[in-house]
1. Mean shadow of region 1-67, computed from the convex hull of its alpha carbons, in nm²?
2. Please list, in order along region 172-181, the HN-Hα scalar couplings obtained from phi with the Karplus expression 6.51 cos²θ - 1.76 cosθ + 1.60 (θ = phi - 60°), rounded to whole Hz, x for Gly and Pro.
3. Output ³J(HN,Hα) for region 56-66: one whole-Hz value per residue in order, computed from phi by the Karplus curve 6.51 cos²θ - 1.76 cosθ + 1.60 with θ = phi - 60°, and x for Gly and Pro.
4. Sort 182, 200, 22 by heavy-atom solvent-accessible area, probe 1.4 angstrom, most to least.
5. Ordered by residue, what ³J(HN,Hα) values in Hz, to whole numbers, does region 143-158 give under the Karplus form 6.51 cos²θ - 1.76 cosθ + 1.60, where θ = phi - 60° and Gly and Pro are x?
6. May I ask you to work out the translational diffusion coefficient for region 48-95 at 20 °C, viscosity 1.002 mPa s, via Stokes-Einstein with Rh from the Kirkwood sum over Cα pairs, reported in whole µm²/s?
7. Ordering 158, 53 from largest to smallest accessible area (1.4 angstrom probe), what's the sequence?
Amino acid sequence: MNLLDVAAAGVLLATPGGRLVDAAASDERTRQLELAGIEWDEGPCRDCFRTRKQIPDVSLATRAATLRWPRFAPRAVEAGFTSVVAAPLRLHDQVIGALNLFRDRPGPLADSQLRLGQELADTAAIGVLQQRAVSEQMTVTAQLQAALDSRIIIEQAKGYLANRRGTGVEEAFALMRHYARDHQTQLTEIARQVLQGTADAELLPRRDR
């Protein structure tokens, strides 16, 4: 905001399915305006994201703006804004959202300010994509760790059950798998019950006292 000659800014990001969602705004009036634009499916951010191109200065009080955004433009004027610029959040050919820049004074945004606004939008896109990549990697790592933990529990339960029943390890595994399927329970949960000694006697014979 200090770098640009604008009154407010809002950022909308797209979900993987291509739907814009509210991400951030410089103040509450802008946030409410952006939320309304999402609800109405209209506004500069939506057009910018769909066309993948910058929306240059649009004077919000004009008939053209009202025809283009019949609900968004009047609401923006009510909020005290006079014009808006939208810049795509992009990295190479990937566009993940858009940045709205609102002015509350007459006159267009200078070309140098437009270029700076686009540079800020591109920088924001890099940050968002990096954060998503880290989040996705953490999710994959957690899933792999959970799968490994489950495998260890199952292997331990196979050996324990085989010893308890006096059978081979693969036969013990088949028994657990069939029991889990018949009782609609995850195999890992059955393995835990076996190791904890709480599995049904049908599967885990009780020791003679």
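1. Numbers: hull surface 20.9 nm².
Its average projected convex-hull area is 5.2 nm².
2. Running phi through 6.51 cos²θ - 1.76 cosθ + 1.60 with θ = phi - 60° gives 4, 5, 4, 4, 5, 5, 5, 5, 4, 5 Hz.
3. Working through the residues one at a time gives x, 3, 10, 6, 6, 8, 7, 5, 4, 5, 5 Hz.
4. So the residues, ranked largest to smallest area, are 182, 200, 22.
5. 5, 5, 5, 5, 5, 5, 4, 5, 4, 5, 4, 5, 4, 5, 5, 4
6. After rounding, the answer is 186 µm²/s.
7. Descending order: 53, 158.
The values are calculated or read from the model by the stated rules, or taken from the named source; none is laboratory data. Keep in mind it's a predicted model, so treat the numbers as computed, not measured. Just so you know, the surface numbers come from the protein's heavy atoms only, side chains and all, with ligands and any DNA or RNA stripped out. Shrake-Rupley method; radii C 1.70, N 1.55, O 1.52, S 1.80 Å.
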